[in-house]
């Protein structure tokens, strides 16, 4: 038996190799939340969250304020002897949020960071990889399907034609099977872009689209129709969340599956999507959806409703979230698309000693080391941190 003795939280700013641009935002760096969980016996684990104000209303500063206002010893202080105890501690973590939260998502990045740190610490304590928790999580036991590795898809953002062409050719030569294209950016001719991309990326590539809430409900069909000739397999979040209910009537007219992202952040969102019939797939992201366990629960909701799901990511995730995504993806069956592990391709400097970047064709092996299986580089953390706060539970 061991108990959590201390949580330390950092905000870190990770510079990106290039600007990431889509209809909702553009960024050259990612300000992330990093949490270290230290057990009473000295075992340490690490977790990460990526607060995005335009997705769940969170900010790194706000996450630290919520953590400071939460009675951590009361919620997390009891000892754990096995994975069921650890799951119970994670379920009992409820950050204090002073703002209205009808969708239940305004603490999701914080929940993700703390939960992953706890799972990592106890995984190291038990000598088991984090993916083993799936076997013990009742809502998701039917999803458990261990695999030797995963195969990631890639993404083309809105860029100049020459850069898009170069990206498409590289992805084709690199052996990817699936590619997501960002559409709906102001001033871009999406039909012309898709024509070029399809030509250079080849006929065999599975192309799906992500509009990032760019279109009005009344224009979705007209915007999408000229793009369908390029054989797209899915359209992600075509309208803003405020108009998401309109997708129930639009879906039969679009002739392509609809995926929710910004409108799929919590159990409340998932239940509403099933009840209203607004989508065919869920885009699950560990940080956006509140952590490893909550993503398992949402995948189980999708499966029970006959819907599909992908495991997505936020641009700018470090190796901590990349490792967590790898554990999730190699323990859960039925994933339609897999995103993440962009580490070396997107980050100017790796925060972890281990390089989690996918290999040729997007292939990446399962991780077998205890916990998440990654080690933080303290010199990089010290250089990139913007704030640090420690909370003692004992």
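So here's what we get for this one:
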item: Those residues of the stretch 33-62 which are farther than 15 Å from residue 385 by Cα, under 19 Å from the mean Cα position of the chain (by Cα) and in a helix (DSSP H, G or I), in sequence order; result: 53, 54, 55, 56
item: Single residue of the stretch 37-57 satisfying the filter (touching a helix residue (DSSP H, G or I) at 6+ places or on another chain (Cβ under 8 Å) and surrounded by fewer than 19 Cβ atoms within 10 Å (Cβ to Cβ)) that is nearest to residue 3 (Cα to Cα); result: 41
item: Members of the stretch 247-273 that are touching a strand residue (DSSP E or B) at 6+ places or on another chain (Cβ under 7 Å) and assigned to a loop (DSSP other than H, G, I, E, B); result: 256, 257, 261, 264
item: Failed criterion for residue 78 (all others in (1) part of a loop (DSSP other than H, G, I, E, B); (2) in contact (Cβ under 8 Å) with a residue 24 or more places away in the chain; (3) farther than 13 Å from residue 6 by Cα hold); result: (3)
item: Qualifying residue in the stretch 262-283 (condition: surrounded by fewer than 24 Cβ atoms within 10 Å (Cβ to Cβ), modelled with pLDDT of 95 or more, within 20 Å of residue 47 (Cα to Cα) and not assigned by TED's automatic domain parsing to the domain that holds residue 119); result: yes
item: Test result for residue 383, more than 22 Å from residue 342 (Cα to Cα), surrounded by fewer than 17 Cβ atoms within 10 Å (Cβ to Cβ) and not assigned by TED's automatic domain parsing to the domain that holds residue 174; result: no
item: Members of the stretch 137-170 found to be free of Cβ contacts under 8 Å to residues at least 60 places away in the same chain, in a helix (DSSP H, G or I) and closer than 23 Å to residue 338 by Cβ, listed by number; result: 141, 164, 167, 168, 169, 170
item: Residue match in the stretch 300-310 (condition: under 25 Å from residue 251 (Cα atoms), surrounded by fewer than 20 Cβ atoms within 10 Å (Cβ to Cβ) and without any contact (Cβ under 8 Å) to a residue 12 or more places away in the chain); result: yes
item: Any hit, the stretch 66-74, residues being in a loop (DSSP other than H, G, I, E, B) and exposed (fewer than 14 other Cβ atoms within 10 Å of the Cβ); result: yes
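Table: residues versus (1) assigned by TED's automatic domain parsing to the domain that holds residue 309; (2) touching a helix residue (DSSP H, G or I) at 6+ places or on another chain (Cβ under 8 Å); (3) surrounded by 17 or more Cβ atoms within 10 Å (Cβ to Cβ).
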position	(1), (2), (3)
160	yes, no, no
163	yes, no, no
167	yes, no, yes
171	yes, yes, yes
187	yes, no, no
191	yes, yes, no
195	yes, yes, no
202	yes, yes, no
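The values are calculated or read from the model by the stated rules, or taken from the named source; none is laboratory data. Fair warning: this is a prediction, and the values are worked out from it, not measured in the lab. As a convention, Cβ positions derive from the backbone with ideal geometry for all residues, glycine included, and neighbour counts pool all protein chains shown.
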